[in-house]
Amino acid sequence: MRNWLGQDITTGTLVYRGARRGDTSEYKIGRVLDDSKMRVHWLLSTGRGVTNRVNDNWEVVRDLKVSNMDSKGNPSLDSLVVLPQDVNDRVEDALSAIEQWKQGQITGEALKSTLETLDFA
């Protein structure tokens, strides 16, 4: 299926979605489970932004969150965007590291270091 940008979205595609959630915004990355129903398994999201004052400038700091693995949804096709290949590659590497951490193959510090290297922290 094609979204309004003309991007092909099929089963297995990593997609991005940004949306309003109450008084803040939510950003998610997920994998399409079923393109006929546009069922998405959400894998990563940002936490609520925290605003910090740094050198008289305000910056929003967001925390990368690993979503509950039961987090699934049926967003509209046109609310999804296919990730550019360079971002897709970084997300796949991050998901691999997260899986290794969940299986006890790497420590939390090693995971944090990997995510920082991939510019996710």
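Computed quantities for the displayed model
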| read-out | value |
| --- | --- |
| Members of the range 17-41 that are touching a helix residue (DSSP H, G or I) at 6+ places or on another chain (Cβ under 8 Å) and in a strand (DSSP E or B) | Arg17, Ala19, Ile29 |
| Count of the range 84-121 residues which are of a type in the set (A, V, I, L, M) and not in a helix (DSSP H, G or I) | 3 |
| Members of the range 89-115 that are under 14 Å from the mean Cα position of the chain (by Cα) and exposed (fewer than 15 other Cβ atoms within 10 Å of the Cβ) | Asp89, Glu92, Ser96 |
| Answer from Ala110, Ala121 - the residue that is among the small types (Gly, Ala, Ser) and at pLDDT 85 or above | Ala110 |
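The values are calculated or read from the model by the stated rules, or taken from the named source; none is laboratory data. Being a predicted model, the structure only gives us computed values, none of them experimental. Glycine gets a Cβ as well: all are built from the backbone with ideal geometry, and neighbour counts include every protein chain shown.
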